[in-house]
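Peer 1: Encoded as structure tokens, here's the structure I'll be asking about.
The values are calculated or read from the model by the stated rules, or taken from the named source; none is laboratory data. Since we're looking at a predicted model, the values are computed, not measured. Here the Cβ is made from the backbone with ideal geometry for all residues, glycine too, and neighbour counts use every protein chain on show. Ligands, DNA and RNA are stripped out before the accessible areas are found, and what is left, the full protein with its side chains, is counted by its heavy atoms. Shrake-Rupley method; radii C 1.70, N 1.55, O 1.52, S 1.80 Å.
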Amino acid sequence: MKVVSHGGLVRPVRAEVAIRSLLDAFADPVVLLAPVRDDQGRVVDFEYVEANAAACAFEGIQHERFLGSRMLQMHPGNLEAGTFDSYVRVLETGEPFSLDDAVYTLEASGHVRVFDVRAVRADGLVTLTWRDVTARHERVRLLAESEERYRLLAENSSDVVMRSRDNHVVWVSPSLERMLGWTPEEWIGHSLAEFGHQEDYPVVQDALQRMDAGESIVMRVRVVDKTGTLHWVELHARTYLDASGTPNGVLSSFRTVDEEVAAAAALERLARFDALTGLLNRHEAFRVIQAAGSRRRRPGDQLAVLFCDVDRFKDINDEHGHAAGDAVLREFALRISETVRRDDLVARFGGDEFVVLLEGVHDLAEVVGIAEKIRVAASRPVRHDGMAISSSVSIGAALAPPGGDTEQLLNRADTAMYEAKRAGRNRVVAIDDRHTPAGLDVDPDRPSS
């Protein structure tokens, strides 16, 4: 017994009051259980001999009524659940009892709850405490379901899902093996640079900086499969946030888009190149000529254009058919490409018209010399379907005038080409600032150099 002084009076404070105050300080329910035995000394029930405020609130019963009640009368489910036998073993052996996530149906309400339970022996009694962890259990269950859905999605998706940190793979889905032949284990822990194309590195670095600024990224890069073959993939990536909302690497998904890239390249080629001859088309040639005309040039570095037109092309189509006409155009495209210099531009301007852009020429005589080689190459018969089809071209040549624009240059070459037609076809007519359009007429009967 402890004695304290208060207001000049001395009064006893019972140990039971101190114990009760201590128990009430616990947020979790705590009860003391005394065994109830039968005539053979077997424990057949437990009597509540003490309970804290949390236990009374949990049971919804006043403290005075709680004490003296029996466990199996209030909660018979303990017998079926096996917890009653566990409490008996605590009493008889002294070994503590611990049970997490115990599912129990409350008798009064019928509600299913989940508890963490602890029981220990103390001076012939059992101290029992429990904590309602239903909310925690539900969060864990929902998280497990979410992770399972994520796993099923990741493992069965045709796309590859990947987590990376500091440009190293942390996790990658099994679909990687179906797509690229690598197992996840062959990627995890490795640098992403090992599986990408070095030319795409600047693009990837730029994307990482944009993700640091909060952007989500969609881009196309190249990756290598296990055989060493490069594939285009479309990559969707964003910053990965952990449970606390802290950035912790990159979460991405990707799929191969080789066919899409090839189709896009084909469309781009169609937009830039002539389908029949493979040469640049009119639109792309005009763009390149404009760019060439806008560049500053040193003396002796001049720009020139040859405008070529197949002579009597309609007669070839009428006499031999359009397939033969196409063969003539394809052959002429090949011959002109093989005749000019490597850096010269050759384009089909439409129909039977071709344009050659010559850069770095010194004078008009050099331009005429190149044009004459083209005329001679084009004059050889074209073999098609067992036939030898005779053909020739008329060529107009023009140097870019000082300060002249691209359209003016093309018009001058076109004008010179029509002069070649009027002069009898199968010839070269050149023009510059000092000559009339017919000023430099190359006679086709003159031996070519």
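Peer 1: Less than 16 Å apart at the alpha-carbon level, and either on another chain or at least 8 residues along: which aspartates and glutamates does that give for Lys314?
Peer 2: Those aspartates and glutamates meeting the cut-off are Asp326, Asp352, Glu353.
Peer 1: Related question: Would you please classify the overall shape of the range 155-272 from the alpha carbon gyration tensor, given that a ≥ b ≥ c denote the square roots of the eigenvalues, rounded means a/c under 1.5, and beyond that prolate means a/b larger than b/c while oblate covers the rest?
Peer 2: oblate
Peer 1: Same structure again: Per residue, how large is the accessible surface of the chain? Use a 1.4 angstrom probe and give square angstrom.
Peer 2: Numbers: 25610 Å² over 449 residues.
On a per-residue basis, the chain sits at 57 Å².
Peer 1: Run the helix sum for the chain: -39,500 (n - 2.57) per DSSP H stretch of 4+ residues, divided by residue count, reported at 222 nm to the nearest 500 deg cm²/dmol.
Peer 2: It comes out at -11500 deg cm²/dmol, rounded to the nearest 500.
Peer 1: At a 1.4 Å probe, what is the % contribution of carbon and sulfur to the accessible area of the range 245-402? Can you show the working numbers first?
Peer 2: Values: 3970 of 7790 Å².
On the range 245-402, the fraction of accessible area on carbon and sulfur atoms equals 51 percent.
Peer 1: Given points 7 Å out from each Cα along the Cα-Cβ axis, report the Glu215 to Thr415 separation in nanometres with one decimal.
Peer 2: 5.0 nm
Peer 1: Stretched out fully, how many nm does the piece from Ala323 to Glu107 gain, at 0.36 nm a residue minus the Cα gap?
Peer 2: Stretched fully, the Ala323-Glu107 segment lengthens by 68.5 nm.
Peer 1: Rounded to the nearest 0.05, what FRET efficiency do Ser294 and Lys226 give with R0 = 30 Å and r taken as the Cβ-Cβ distance? Could you check?
Peer 2: Calculated transfer efficiency: 0.05.
Peer 1: Turning to a different aspect of this structure: Using the Cα centre as the reference, give the magnitude of the dipole from point charges on the C-beta atoms of the range 262-392 (Lys, Arg: +1; Asp, Glu: -1; all else neutral), rounded to the nearest 20 debye.
Peer 2: 500 debye
Peer 1: Taking the chain as a Gaussian network, Cα atoms linked when under 10 Å apart, which of Ala324, Ala400, Ala108 shows the biggest mean-square fluctuation?
Peer 2: Greatest mean-square fluctuation among the candidates belongs to Ala108.
Peer 1: Also: Which residue, chosen from Thr93, Gly360, Asn426, occupies the Cα position most advanced towards the positive end of the dipole of the chain, where the dipole is computed from +1 (Lys, Arg) and -1 (Asp, Glu) charges on Cβ about the Cα centre?
Peer 2: Sorting the options by dipole projection puts first Gly360.
Peer 1: What label, among [x] 31.6; [y] 23.6; [z] 27.8, belongs to Kirkwood radius over Cα pairs in Å computed from the structure on display?
Peer 2: [x]
Peer 1: 7 Å from Cα along Cα→Cβ at both Glu199 and Arg20: what's the point-to-point distance in nm?
Peer 2: My value for the distance between the label points is 8.6 nm.
Peer 1: Would you mind calculating the gained length between Leu79 and Arg282 on full extension (0.36 nm times residue separation, minus the Cα-Cα distance), in nm to one decimal?
Peer 2: Taking 0.36 nm per residue and subtracting the Cα distance, the gain is 63.9 nm.
Peer 1: Then there is this: Could you tell me which helices of the chain pass both thresholds, a Cα extent of 20 Å or more along their own axis and a mean Kyte-Doolittle hydropathy of at least -1.0, with helices taken as whole DSSP H runs? List each step's numbers first, then the result.
Peer 2: On the way: long enough: 134-156 (32 Å, -1.07); 258-272 (21 Å, -0.03); 322-339 (25 Å, 0.09); 364-378 (21 Å, 1.12); 406-422 (24 Å, -1.07).
Helices meeting the span and hydropathy rule in the chain are 258-272, 322-339, 364-378.
Peer 1: May I pose another question? Among Ala327, Gln62, Gln408, whose Cα sits farthest toward the positive end of the charge dipole of the chain (+1 at Cβ of Lys/Arg, -1 at Cβ of Asp/Glu, about the Cα centre)?
Peer 2: Selected residue: Gln408.
Peer 1: State the answer as a single residue: which of Ile188, Val382, Val133 lies farthest towards the positive end of the charge dipole of the chain, with beta carbon charges of +1 for Lys and Arg and -1 for Asp and Glu, about the Cα centre.
Peer 2: It is Val382.
Peer 1: Might you work out the accessible area of Thr134 for me, using a 1.4 Å probe with all protein chains in place, and round it to the nearest 10 Å²?
Peer 2: 30 Å²
Peer 1: If you place +1 on the Cβ of every Lys and Arg and -1 on the Cβ of every Asp and Glu, how big does the dipole about the Cα centre of the chain come out, in debye to the nearest 20?
Peer 2: Value, rounded to 20: 840 debye.
Peer 1: Using a 7 Å offset from the Cα along the Cα-to-Cβ direction at both His362 and Thr246, what is the distance between the two label points in nm, to one decimal?
Peer 2: Simple spin-label model gives 7.3 nm for this pair.
Peer 1: Please calculate the 1.4 Å probe accessible area of Glu359, with all protein chains present, and give it to the nearest 10 Å².
Peer 2: Its accessible surface works out to 60 Å², give or take rounding.
Peer 1: Got a sec? What order do Tyr240, Tyr87, Tyr418, Tyr104 fall in by accessible area at 1.4 Å, biggest, i.e. largest, first?
Peer 2: Tyr418, Tyr240, Tyr104, Tyr87
Peer 1: Now, a different point. Might you work out the accessible area of Lys226 for me, using a 1.4 Å probe with all protein chains in place, and round it to the nearest 10 Å²?
Peer 2: The value for Lys226 is about 110 Å².
Peer 1: At 1.4 Å probe size, put Met387, Met179, Met71 in order of accessible surface, largest to smallest.
Peer 2: The residues order as Met387, Met179, Met71, largest area first.
Peer 1: Still on this structure: Quick one: Cα centre-to-centre distance for the range 159-182 and the range 366-406, in angstrom?
Peer 2: Their Cα centres are 56 Å away from one another.
Peer 1: Take every DSSP beta bridge with both residues inside the chain and express the antiparallel ones as a percent of the total, to the nearest 5.
Peer 2: Roughly 95 percent of the beta bridges in the chain run antiparallel, per DSSP.
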